[in-house]
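Peer 1: Mind having a look at this structure? Questions to follow.
The values are calculated or read from the model by the stated rules, or taken from the named source; none is laboratory data. This is a predicted model, so every value here is computed, not measured. Glycine gets a Cβ as well: all are built from the backbone with ideal geometry, and neighbour counts include every protein chain shown. These area figures cover heavy atoms from the full protein model, side chains too; ligands, DNA and RNA do not enter into them. Shrake-Rupley method; radii C 1.70, N 1.55, O 1.52, S 1.80 Å.
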Amino acid sequence: MTVEAVFGILIVVFDLPAGHLADRIGPRQALLAGAFLEGMASLLLGGLANQAIFWIVQPLFAAAAALTQGADAGLAGLILRHDKALEDFEQGEQLFQRLALVWTAAVYGLASALSLVSLRLPFIATGVVQLLCVAGLFTVPNLRRTSAFLADLEDDRRSLRRRVADIIIVIHTSAGLRMDLLAMVAAGTGFSVLLYFLPFFLIASGSSASAVGVLLAAVALAAAVVVHGLRPGLDLRVAGAIAVIAAVLLGVTVLPVVVIAAICLQAVRARLLPRFRQRLLREMSECGEATAMSVVSTTTTLGFAVVAPALGVLTSVLSLTGLAAVTGALFLFATLTMSIHLRYGRSLHEPF
């Protein structure tokens with residue numbers, strides 16, 4: 001957990017500068033750079049597996065994550081804005097999350113098979129796929145914010161300090177946004193911890209270590225089906241309540257119960273994240289689409305980076321059941337904290 005905390009802190013450090021860079025050079029260029037860094041780091045770790053290389057590539061992985069996890073949604077926002085369909089952002093994000101779960105299932109299955117041959121092979125395969133993604137990204141529209149969306153061209157070249165100041169102003173002036181950011185921190189921490197520990201919950205419930213990859217693939221596929229069946233405009237308090245119950249059920253050492261709880265958690269995360277992104281895209285779009293999305297990833301990573309070592313100690317003392325209860329409390333806090341604007345996905349100027 002301490003190692004994961006170091007990685008999380010690196011992401012937080014890189015995140016806003018990477019979002020700022022993506023808004024200046026264009027989100028497609030940021031995605032190209034992130035995919036290339038991810039590919040090279042994976043190939044290095046797979047080809048030269050030792051402790052020194054492990055620590056050397058951590059900043060590369062963190063920079064890659066920072067460059068891509070805001071820029072992808074930022075590019076989607078630009079495309080929708082260009083097509084005058086920005087109101088479709090959350091629906092598109094939900095489709096993306098469903099497809100990501102299906103892809104995750106395929107990756108879990110393939111990585112499990114490759115790891116039976118060598119633990120290096122999943123990293124080498126990841127590196128090859130990422131480099132193929134670099135080539136594929138050249139087919140994506142190369143859109144950037146233009147001066148038509150800004151007061152003047154110089155505003156598009158604003159410094160990172162100016163952009164951060166603008167973000168702080170938005171946070172202070174937007175109704176309920178400070179509480180929504182707290183909800184994002186709590187929920188992001190809970191999901192990061194539980195999804196990281198999910199293999200341990202499965203093994204503690206009776207799964208063999210070799211079957212974990214197959215179970216995780218089944219969980220991801222089932223979650224994609226569940227997300228598809230959830231109605232649009234769902235009150236996020238319902239999703240939050242499901243997350244609370246599912247987190248507690250993870251502590252029950254009965255394999256079918258843990259699998260069902262894991263499916264619910266993956267599905268709720270796939271429903272919450274688009275709403276988080278839409279909320280900040282509405283409020284912070286003038287700060288830059290990729291920058292706004294970087295705020296989402298920063299808030300959902302920050303709590304995990306800070307408390308991960310403590311949670312590792314907590315797990316050693318209280319077992320996985322205690323960890324499940326603590327994360328359930330985080331989801332409850334997030335559910336009670338979120339504003340009506342986040343709950344229903346509407347802006348301040350839209351009727352409820």
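Peer 1: What order do E90, E38 take when sorted by accessible area (1.4 Å probe), most exposed first?
Peer 2: E38, E90
Peer 1: Relative contact order for the chain: what percent, with Cα pairs under 8 Å and sequence separation of 6 or more?
Peer 2: So the answer I get is 30 percent.
Peer 1: Could you work out the equivalent-ellipsoid semi-axes for the chain, taking the square root of 5 times each eigenvalue of the Cα gyration tensor, largest first, in whole Å?
Peer 2: 31, 26, 19
Peer 1: Between L234 and I340, take the C-beta separation as r, use R0 = 22 Å, and let me know the FRET efficiency to the nearest 0.05.
Peer 2: Plugging the Cβ-Cβ distance into 1/(1 + (r/R0)^6) gives 0.95.
Peer 1: Once you put a point 7 Å from the Cα of A106 and another 7 Å from the Cα of T2, both along the Cβ direction, what distance in nm separates them?
Peer 2: Going from the A106 label point to the T2 one covers 3.9 nm.
Peer 1: Taking a probe of 1.4 Å, how large is the accessible area per residue of the chain, in Å²?
Peer 2: So the chain comes to 45 Å² accessible per residue, rounded to a whole number.
Peer 1: Using a simple spin-label model with points 7 Å from Cα along the Cα→Cβ vector, what separation in nm is obtained for I169 and A329?
Peer 2: 3.9
Peer 1: Whenever you get a sec, line up F7, F61, F201 from highest to lowest accessible area (probe 1.4 Å, protein heavy atoms).
Peer 2: Ranking F7, F61, F201 by accessible area, largest first, yields F7, F61, F201.
Peer 1: Can you figure out the FRET efficiency of Q91 with S118, using R₀ = 45 Å and their beta-carbon distance, to the nearest 0.05?
Peer 2: Here the calculated transfer efficiency is 0.65.
Peer 1: Residue farthest toward the positive end of the dipole of the range 1-346, with Cβ of Lys/Arg at +1 and Asp/Glu at -1: which of A187, A241, I11?
Peer 2: My answer, from the dipole projection, is A241.
Peer 1: Please report, as a whole percent, how much of the solvent-accessible surface of the range 1-346 comes from carbon and sulfur atoms (probe radius 1.4 Å).
Peer 2: 71
Peer 1: When the chain is modelled as a GNM with alpha-carbon springs shorter than 10 Å, which of G188, G34, G312 fluctuates the most?
Peer 2: So, out of G188, G34, G312, the one fluctuating most is G312.
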